[in-house]
Amino acid sequence: MSPSETTAPLARSWRDIPQQVKPRAMSNEGRRRLVFSALKTAGALALLGALGWGGVAVAQILREGPKKVPGQAEAAPIKDIVLVTDGALDRNWIVRTLALPKNATLMGLELYQLRSRLLVSGQVRTASLTRNFPATLTVNLSERLPVARLMAQMGGESPHPLLVARDGVVFDGVGYDSAATDALPWLDGVKLARQVGVILPVAGMETVADLLAKARLEAEHLYRTWQVVSLARLESDGEIEVKTQDVTRIVFGTREDFFPQLARLDLLLDTARAQSAAPLREVNLAIGAHVPVAFDGLTAMAPAAGNAERAARPAKSPPAPISINLQLNTKL
Amino acid sequence: MSSRTTFIGAVEIGTSKITVFIGEYTGRELAIIGHGECSSRGIIKGAVVDYKAASECTHSALEHAERDAGERIDCVFLAQTGGHLEGFYNEASVNVKAADNMIDRGDIRTVCDLAKSKELPAGRMVVHHIRRPFRVDGRLVPTSPENLVGQRLEVGYWTVHGLEQRLADNIHVIRGFNLEVRDLVLASLASGHMVTTPEERQHGVLAIDLGAGTTDFALYRDGVAHTTGVVPVGGTHLTNDLSIGLRLTESQAEKLKLRFGRALVQVRDKNEKVWLDGNFAIGDRQFPRLAIEQITATRTWELLEVVKKRLGGVFTPESCAAGVVLTGGTAKLAGIAEAAAKVFGVPARLGETPSWVAENLRDPGSNTALGLLYYGLSAQNERPPPTRRGGGFLSNVKRLFASS
């Protein structure tokens, strides 16, 4: 026999009393609480309903095929291309470079392919393309800054100017103000090479860029006069040659920091300008505290550890090499 | 109970005041975070006689407590008292089924169901089934007898029942605030749980809660409530007696009771008089102190005698080694412990609220509501998961097919 057959039904408990109370038997606070709890329940049900409906809708769309998810966006053609950049490129260049078909839609775009089209230009360092629904393509660019320029003639092409960035990348330079690019020094002694139609980066450009940046920052009056920077002896001797408006050849050494070399040069030029009418032809800052200089109209120079006064004075005859020991005067 | 934080309200709808405490229960710990009180209206001897007035003051106390706590109550433990509550003892025994005489869960369930299955008169409902310890072949088993070996398993239940209408009225007052009544707890069990220690309950102790309209008592033995009862007499009867005997209004009589009332006559000088207000204003009168003490002492003595009589043969000084513990608002009457000691012939003391209760809440009149929280929660935790009697939807459908 089961227990239920052996025992009588249990007596009624207070829990059998229905706890429902009509709202009219409630106090105002009770009714308020009732309304609040009803609203809470309704809100929870609505939320559940919305979630359920959303789930069903998503499931249905996925069942019909994932490609139909963005169907609406795919149907609408791109209305606008927004460019966000930190450089000089403009929207026209983007439109020209991307060369999107007339009725292209956002979902129809191959973003990776478009990105690589943008990166072909050396001026673009990084690029990212974002679909902004319903019909906007946003292009975010980070551009390279030019530090020098060079005149290139590849194969049978006519010579044309190019810009060089700090990392040695050579690019056309679109959208720059001509005054800005004209202020950049020319590069010399560079052998350009092409690989799969793209010019390879210039080797050693970071060192040159350091020199140019230091000169621009610390001795802007000197930098303004720099016309040509030669990298011809950079790899072999570790020297950078600069041709300026006043001096035919200034040699900077890469083994020493550029700042003291620039300071010596500044002092030397000031001293020479003050004590000699003859223009300087050559200054070699690459050999340390002893700076051999040569004046136009004078012949070879001989290193001399004398004072700057004597050294800066041009010799009359016979022409003798002049050397200035700047270490004594400048205490660098 | 779930592990999430629950805000439990303990509500005592008393004859003189309605007390509400709010406990924050985290599943492991209980903290009292709110308290509300309101003078009672529409309640006589623990029974609702004016639903609207009773609802208003109860809801006011609930609102106060919620404001004090800064939280909304989730559910309520409601104290239950009143002369309609009665109790009886019923026991059952079964022969252990297993051949090896090892008691299993089925035996326990059968004997418990048998002991609880006594029918009640019409219109009455069970409030509590209080189980007394099991016995296996006459041997007392304080815990579960499962896996013990014996031939006969016995158990008894003290069943407390009350009038359905009175119980429903109390529940509906709370439901009028749109709160669920999670449990009904006898006021005597709630206060008794609060003022007695487990050791005292093990050795035998009588807890008497002297309220304004009723006096609730619970006799504990072997760690559980053995007998409970309610006497529909309380502190207001003392006031009423003073009012009639000295020809005073109720408020004047209440004032005299609180200031000069005693449970044992102490004054020897018949001519000693006390002032009603003591401010010598117009209407201030003198009353013989002896008369006041005699009236209050007589009624108190009578009340305690009634409790003793209700307990009958169940109460013996030997079975109540820990004595009598008094609590409730009327327990503040001077000399009541001595009176109880004389009536019951055992040591008596005033119940002390445990030290972990905040100082401002330590009042004999608040012990029932405080005990509600603790007794209610411990009962909830001990109770097995609720099962619907008569089965669920599936059982009903099966029954339909069976009958067709």
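Are any residues in region B:1-24 part of a loop (DSSP other than H, G, I, E, B) and either without any contact (Cβ under 8 Å) to a residue 40 or more places away in the chain or out of contact with any Lys or Arg (no Cβ under 8 Å at 6 or more places or on another chain) (or both), and if so, which ones? Don't jump to the end; show me each part of the working.
Kept after step one, since they are part of a loop (DSSP other than H, G, I, E, B), are these residues of region B:1-24: B:1-5, B:14-16.
Result: B:MET1, B:SER2, B:SER3, B:ARG4, B:THR5, B:GLY14, B:SER16.
Give the number of residues within region B:198-211 that are surrounded by fewer than 23 Cβ atoms within 10 Å (Cβ to Cβ) and of a type in the set (Gly, Ala, Ser).
Filtering region B:198-211 for residues surrounded by fewer than 23 Cβ atoms within 10 Å (Cβ to Cβ) gives B:198-204.
If we keep only those that are of a type in the set (Gly, Ala, Ser) too, we end up with B:204.
Number satisfying all stated conditions: 1.
Of everything in region B:146-178 that's over 18 Å from B:ALA53 (Cβ atoms) and at the interface with chain A (Cβ under 8 Å from one of its Cβ atoms), which residue is farthest from the chain's Cα centre (by Cα)?
Taking region B:146-178 first, the residues over 18 Å from B:ALA53 (Cβ atoms) are B:146-164, B:167, B:178.
Adding the requirement that they be at the interface with chain A (Cβ under 8 Å from one of its Cβ atoms) leaves B:159, B:161-162, B:164, B:167, B:178.
Values: B:THR159: 14, B:HIS161: 13, B:GLY162: 13, B:GLU164: 18, B:LEU167: 14, B:ASN178: 24 Å.
Checking each candidate, the answer is B:ASN178.
Residue by residue, here is whether (1) in a helix (DSSP H, G or I); (2) away from every other protein chain (no Cβ under 14 Å); (3) modelled with pLDDT under 80; (4) within 30 Å of B:ILE73 (Cα to Cα) holds:
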| residue | (1), (2), (3), (4) |
| --- | --- |
| A:THR41 | yes, no, no, yes |
| A:LEU45 | yes, yes, no, yes |
| A:GLY49 | yes, yes, no, yes |
| A:GLY54 | yes, yes, no, no |
| A:VAL58 | yes, yes, no, no |
| A:LYS67 | yes, yes, yes, no |
| A:TRP93 | yes, yes, no, no |
| A:TYR112 | yes, yes, no, no |
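Can you tell me which residue within region B:77-122, out of those that are surrounded by 18 or more Cβ atoms within 10 Å (Cβ to Cβ) and β-branched (Val, Ile, Thr), is nearest to the other protein chains (Cβ to nearest Cβ)?
Here the answer is B:THR110.
Has region B:91-98 got any residue that is in contact with a strand residue (DSSP E or B) (Cβ under 8 Å, 6 or more places away or on another chain), closer than 17 Å to B:VAL11 by Cα and of a type outside the set (A, V, I, L, M)? So that I can check it myself, show each step before the final result.
Kept after step one, since they are in contact with a strand residue (DSSP E or B) (Cβ under 8 Å, 6 or more places away or on another chain), are these residues of region B:91-98: B:91-96.
Remaining after also requiring closer than 17 Å to B:VAL11 by Cα: none.
Checking region B:91-98: not a single residue is in contact with a strand residue (DSSP E or B) (Cβ under 8 Å, 6 or more places away or on another chain), closer than 17 Å to B:VAL11 by Cα and of a type outside the set (A, V, I, L, M).
Can you tell me how many residues in region A:147-177 are closer than 16 Å to A:LEU89 by Cβ and hydroxyl-bearing (Ser, Thr, Tyr)?
Selection size over region A:147-177: 1.
Report yes if some residue within region B:263-281 is out of contact with any helix residue (DSSP H, G or I) (no Cβ under 6 Å at 6 or more places or on another chain), in contact (Cβ under 8 Å) with a residue 12 or more places away in the chain, under 20 Å from B:ALA212 (Cβ atoms) and surrounded by fewer than 19 Cβ atoms within 10 Å (Cβ to Cβ); otherwise report no.
No, that holds for no residue.
The values are calculated or read from the model by the stated rules, or taken from the named source; none is laboratory data. Just so it is clear, the structure is predicted and the values come from calculations on it, not from any experiment. Ideal geometry is used to build each Cβ from the backbone, glycine not excepted, and the neighbour counts take in all protein chains shown.
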